[in-house]
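Here the structure is laid out as structure tokens; the discussion comes afterwards.
Read the figures in this text as sums done on the coordinates, not as results from a lab. A quick note: this is a predicted structure, and the numbers were derived from the prediction, not measured. So basically every Cβ, Gly included, is an ideal-geometry build from the backbone, and we count neighbours across all protein chains shown.
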Amino acid sequence: MQILPNNQLLGATVALALVAISAAYIYCTSKPKAIKVHGVLLSTATQRVLATLYEKELEFELVPVDMEAREHKKKPFLSLNPFGQIPAFEDRDLKLFESRAINKYISHKHADKGTRLESGDMKQKAIIGVWMEVEAHQFDPAASKLTWELALKPVFGKGTPDKAVVEENEAKLAKVLDIYESRLAQSKYLAGESFSLADLHHLPTIQYLLATQVKKLFDSRPHVNAWVADITARPAWCKVLALQKH
């Protein structure tokens, strides 16, 4: 058995330690994330989930879906969402779809992490729930149609905006924002004094619409305008926007 001199023995020990550290680093950085979001960055529903994950300071993997190849309408994607829509969500063995439902799950499971997006108080929880429903059923139908016509149609080469659809939905959105203006005169956020899922769920469509003629509907209402400026400047949302630039 060969015995190494002290300096060689020290060198060999250091080398082995470095190899072990490198192996551990590679394992940790290449280790699959427990949370996976299957979607695309242009999708408002995908953005909604990413914003929640960033607010909760959670690690996740964004798995791109090739929409042009209609990957979302084929297996294996249909095992994640049988309706063939994005995003789909995985948390180990749990599979979910529908962005707002996904966000409620994330918010409940990780209530103690990052931003508190819901409340433990039953009355406050109910108020948040009301304004989440308002976003889904009153705000989003008009806002999403306007987002498609004015922001996304040009991106996808689907022709020019349908003026009749735009006019109709601008009028619908204006009525909703009149109610928001009244509500936001009473509290900083829709469900009270704290930012919640009720506010977060608006972010993707608002962001698109701020780059269109619809911006005037937000700007002309002082309390809505202040609310929009506040929520679109949140660090978590800025991280979502930064992803789109890569």
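Going through (i) 43, 23, 17; (ii) 28, 20, 19; (iii) 29, 22, 16, the figure that equals semi-axes √(5λ) of the Cα gyration tensor in Å as computed for the structure here is (i). If you run the Gaussian network model on the chain, springs between alpha carbon atoms under 10 Å, then out of M67, M122, M132 the most flexible one is M122. The alpha carbon gyration tensor of segment 24-145 gives principal lengths a ≥ b ≥ c with a/c of 1.5 or higher and a/b no greater than b/c, which makes the shape oblate.
Can you give the calculated 222 nm mean residue ellipticity of the chain, where each DSSP H run of n ≥ 4 adds -39,500 (n - 2.57) and the sum is split over every residue, rounded to the nearest 500 deg cm²/dmol?
Numbers: 11 runs with 127 residues, N = 246.
Value at 222 nm, helices only: -16000 deg cm²/dmol.
Against the main long axis of the alpha-carbon atoms of the chain, helix 99-109 sits at an angle near 50°. Computed from point charges on the beta carbon alone (+1 for Lys and Arg, -1 for Asp and Glu), the dipole magnitude for the chain about its Cα centre is near 300 Debye.
Checking every one of the GluC sites (Glu not before Pro) in segment 53-117 against DSSP loop status and a limit of 10 other Cβ atoms within 10 Å picks out E59, E68.
Cross-link check: pairs K73/K239; K123/K153; K95/K125; K75/K163; K74/K215; K95/K188 evaluated at a Cα-Cα cut-off of 32 Å; pairs beyond the cut-off: K123/K153; K75/K163; K74/K215; K95/K188. Work out which chymotrypsin sites (Phe, Trp or Tyr not before Pro) in the chain are exposed loop sites (DSSP not H, G, I, E or B, at most 13 other Cβ within 10 Å) and give the longest gap free of them. By the stated rule (loop sites, at most 13 other Cβ atoms within 10 Å), 157-246. Counted over the chain, the DSSP beta bridges are approximately 70% antiparallel. Extension gain for the segment Y105 to E59, taken as residue separation times 0.36 nm less the Cα-Cα distance, is 15.0 nm to one decimal.
For the chain, the longest principal axis of the alpha carbon atoms and the long axis of helix 44-55 meet at an angle near 60°. Loop-resident GluC sites (Glu not before Pro) (DSSP state other than H, G, I, E or B) in segment 100-194 with no more than 15 further Cβ atoms inside 10 Å of their Cβ: E193. Placing +1 on the Cβ of every Lys and Arg and -1 on the Cβ of every Asp and Glu, with nothing else charged, gives segment 122-244 a dipole about its Cα centre of roughly 200 debye. Taking trypsin sites (Lys or Arg not before Pro) across segment 72-127, the ones in a DSSP loop with at most 12 further Cβ atoms lying within 10 angstrom of their Cβ are K74, R92. Take the Cβ atoms of A185 and L210, set R0 to 30 Å, and the FRET efficiency comes out at 0.90.
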